[in-house]
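The values are calculated or read from the model by the stated rules, or taken from the named source; none is laboratory data. As the structure is a computational prediction, the values presented were derived from the model and not from experiment. Heads up, the Cβs are rebuilt from the backbone with ideal geometry, glycines too, and the neighbour counts pull from every protein chain shown. When the accessible area is computed, the model is the full protein with side chains, heavy atoms only, and any ligands, DNA or RNA have been set aside. Shrake-Rupley method; radii C 1.70, N 1.55, O 1.52, S 1.80 Å.
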Amino acid sequence: MKIYTKTGDQGSTTLWGGSRVSKNNLRVEAYGTLDELNSSLGVALSFFSTEHIDAISRLLKVQGELFQLGAEVATQPGYPISFQVIHSSSISRLELEIDQMETELSPLKTFILPGGARAGAQLHVARTVSRRAERCLVGLHETSPLRPEVMMYLNRLSDYLFVFARWINARQGVPESPWYSDVVEK
């Protein structure tokens, strides 16, 4: 099978189910942004060492779930889904892991600047891509309703990635940089 098909040369692509849409369609933008988020997590994973095997396992699980979300979003409305979709149990798992990681972190007293060790900094980038993907899904949902779990998972994921970035930075002994506004209110 060749990787190139030439069917998209005129600016359209095929959704799962066979319908053709423009490559600037909200659905294509949404699943493309989920793909970008997944790739961003792949970069973050490249910065983890084998001593962080549990963290690696957690992020690989999220990458698999992002593929599930992307496939669901890439499916034309009304077409039967024949693959595993995200359920509330995945959302609950993210919440549980957030709570577990936060037990090892000092409470936030101010905003922090994104950064830290390479893995943590890349997780902050992934968090911002997750927020953009969520905005894309909200736009799509307004015209073509999505399952609630799709929206909830992505909203929780950005929180998860924020805490994960803080957690891995703490594990690697890299302090957070607090943000202080130099703006003085009158």
Just the number, please: carbon plus sulfur as a percent of the accessible area of the stretch 88-164, 1.4 Å probe, no ligands or DNA/RNA counted.
57 percent
Other residues with Cβ under 13 Å from the Cβ of H52 give, with Lys and Arg +1 and Asp and Glu -1, a net charge of +1
Let me check against my output: what whole-number percent is the relative contact order of the stretch 1-100, with C-alpha pairs under 8 Å and at least 6 apart?
29 percent
How much net charge surrounds S12 when only the other residues with a Cβ under 13 Å from the Cβ of S12 are counted, with Lys and Arg +1 and Asp and Glu -1?
+3
Normalised by the residues of the chain, what does the relative contact order come to in percent, with Cα pairs under 8 Å and at least six apart?
27 percent
Label selected from [x] 18.0; [y] 16.6; [z] 16.1, the criterion being Kirkwood radius over Cα pairs in Å as computed here:
[x]
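Enumerate by residue number the GluC sites (Glu not before Pro) in the stretch 82-181 meeting two conditions: DSSP loop (anything except H, G, I, E, B), and at most 16 other Cβ atoms within 10 Å of the site's Cβ.
E104
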Hz values of 3J(HN,Hα) by residue in the stretch 31-46 - Karplus curve (6.51, -1.76, 1.60), Gly and Pro given as x
6, x, 6, 4, 5, 4, 4, 4, 5, 4, 5, x, 5, 4, 4, 5
Counting only chymotrypsin sites (Phe, Trp or Tyr not before Pro) that are in a DSSP loop and have at most 16 other C-beta atoms within 10 Å, tell me the longest site-free stretch of the chain.
112-178
What trypsin sites (Lys or Arg not before Pro) does the stretch 43-118 have in DSSP loop regions with at most 16 other beta carbons within 10 Å?
K109
Tell me which residues come under 5 Å, amide H to amide H, from S177 once H is placed; ignore anything under 5 positions away on its chain.
L113
Any idea how far the Cα center of the stretch 37-73 sits from the one of the stretch 115-157, in Å?
14 Å
If you look for lysine pairs in the chain that are eight or more places apart or on different chains, how many of them have Cα atoms under 30 Å apart?
5
For the chain, set up a Gaussian network in which alpha carbons nearer than 10 Å are linked by springs, and say which option among A126, A170, A44 fluctuates the most.
A170
How big is the stretch 1-65 on each of its three principal axes, counting only the C-alpha atoms and giving the largest first in Å?
47, 26, 19
Any chance you could give the angle, 0 to 90 degrees and rounded to 10, that helix 88-102 forms with the longest Cα principal axis of the chain?
20 degrees
